[in-house]
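Q: After the structure tokens below, expect a handful of questions from me.
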Amino acid sequence: MGILERRVVAITGGASGIGLAVAERWVADGGFAVLLDLSDENIVAAISQLGAENARGIRTDVTKQESVDAAFASIVQREGRLDGLMNGAGIGRPSPTAETSDADFEFLMSIHLGGVLRASRAAHSLLSASRGAIVNISSVAAKNGMPQRASYCSAKSAIEGFTRSTAVEWAPDGIRVNAVAPGYVRTALTDALIAEGKLNDEPIVSRTPLARFADPQEIAAVVSFLLSPDASFVTGHSLVADGGLTIDGNWY
Ligand SMILES: NC(=O)c1ccc[n+]([C@@H]2O[C@H](COP(=O)([O-])OP(=O)(O)OC[C@H]3O[C@@H](n4cnc5c(N)ncnc54)[C@H](O)[C@@H]3O)[C@@H](O)[C@H]2O)c1
């Protein structure tokens with residue numbers, strides 16, 4: 001099968017963690033993945049894992065419109081189509097709110113929320129042509145009030161509002177837009193926070209009814225469903241995949 005006959009997905013933050021697991025899943029299902037990621041090191045490792053015939057990486061900074069535009073121009077030129085977009089580029093940087101600077105707040109908002117806007121805007125005409133789908137990665141932080149994470153909780157809550165708004169606005173263009181709100185997932189992001197002492201995995205596991213972190217593949221399965229024609233009547237939804245963390249009434 002030629003590359004132009006294969007379904008193409010673009011994944012921001014696609015060279016690690018949840019994004020890489022979505023790429024693996026997409027490739028396993030016969031598609032081609034374009035990883036838009038800031039880290040050259042992560043891109044090289046991811047492409048050697050996925051195979052250069054199944055994926056390519058474009059060094060992209062989602063905080064910079066020109067970088068995002070260049071990435072999508074490259075997709076137009078090389079792949080000539082786009083069927084799905086997953087917006088997952090993100091960082092975790094907890095800090096006491098009273099000590100959070102404007103610059104830190106705006107930087108985190110720019111990666112998470114601004115990144116979703118920039119990539120979705122750049123992908124709109126390609127996805128309209130293919131009647132494709134977008135999945136934005138939210139978090140249980142959009143549902144729970146987590147101390148020292150006011151910027152992150154704000155960004156993820158706003159991503160869910162952005163998801164609903166674009167789902168309605170772009171429905172006539174044939175584009176579905178959904179969000180996935182993962183609970184805690186074993187990735188480089190959570191490993192780093194645990195190593196820095198900013199995340200304690202023991203209470204998370206004991207507070208989660210399924211009593212563990214997710215594997216990235218379990219989140220990829222949910223993203224894959226929402227990007228697929230199986231979800232053809234689902235739009236504007238935020239699908240929680242958290243092992244029961246947010247519905248737990250056991251405290252009572
Ligand atoms: N791991 C979890 O427990 C968890 C839970 C809920 C939500 N999330 C969200 O899932 C998404 C992916 O997280 P992950 O755990 O897979 O993290 P990860 O650190 O494994 O992967 C994130 C990727 O994003 C890239 N990235 C960072 N800044 C970027 C930028 N400016 N432009 C482009 N790429 C950039 C990094 O290079 C990295 O490859 C994030 O939005 C995160 O907030 C994660």
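The values are calculated or read from the model by the stated rules, or taken from the named source; none is laboratory data. Computed from a prediction, not measured in an experiment: that's the story for all the values here. In this analysis, Cβ positions are derived from the backbone assuming ideal geometry, glycine residues included, and neighbour counts consider all displayed protein chains.
Q: Looking at PRO229, is it modelled with pLDDT of 95 or more and surrounded by 15 or more Cβ atoms within 10 Å (Cβ to Cβ)?
A: For PRO229, the condition - modelled with pLDDT of 95 or more and surrounded by 15 or more Cβ atoms within 10 Å (Cβ to Cβ) - is not met.
Q: Please state which one of SER120, SER128, SER139 is among the polar types (S, T, N, Q) and touching a Lys or Arg at 6+ places or on another chain (Cβ under 9 Å).
A: SER139
Q: Of the residues that make up region 1-13, is at least one of a type outside the set (A, V, I, L, M), more than 11 Å from the ligand (Cβ to nearest atom) and assigned to a helix (DSSP H, G or I)?
A: Yes: one or more hits.
Q: If you don't mind, another one. Return the residues of region 227-237 that are more than 14 Å from ALA21 (Cβ to Cβ) and not acidic (Asp, Glu); say none if nothing qualifies.
A: SER228, PRO229, ALA231, SER232, PHE233, VAL234, THR235, GLY236, HIS237
Each row is one residue, and each column tells you yes or no for (1) within 14 Å of GLU24 (Cβ to Cβ); (2) aliphatic (A, V, I, L, M); (3) part of a strand (DSSP E or B).
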| position | (1), (2), (3) |
| --- | --- |
| VAL44 | no, yes, no |
| GLN49 | yes, no, no |
| ALA52 | no, yes, no |
| ILE58 | no, yes, yes |
| THR63 | no, no, no |
| VAL68 | no, yes, no |
| ALA71 | no, yes, no |
| SER74 | no, no, no |
| LEU85 | no, yes, yes |
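Q: Here's something else I'd like to know. Say whether the condition of being within 26 Å of LEU226 (Cβ to Cβ), of a type outside the set (A, V, I, L, M) and part of a helix (DSSP H, G or I) is met by at least one residue in region 87-107.
A: Step one: list which residues in region 87-107 are within 26 Å of LEU226 (Cβ to Cβ), which gives 87-92.
Now drop any that are not of a type outside the set (A, V, I, L, M), which leaves 87-88, 90, 92.
Right, trim to part of a helix (DSSP H, G or I) and you get none.
Looking through region 87-107, none of the residues is within 26 Å of LEU226 (Cβ to Cβ), of a type outside the set (A, V, I, L, M) and part of a helix (DSSP H, G or I).
Q: Quick check on ALA28: is it within 9 Å of the ligand (Cβ to nearest atom) and closer than 19 Å to LEU227 by Cβ?
A: The answer is no for ALA28.
Q: Please determine, by comparing only the residues of region 197-241 that are acidic (Asp, Glu) and closer than 16 Å to VAL135 by Cβ, which one is nearest to the chain's Cα centre (by Cα).
A: So the residue we want is GLU218.
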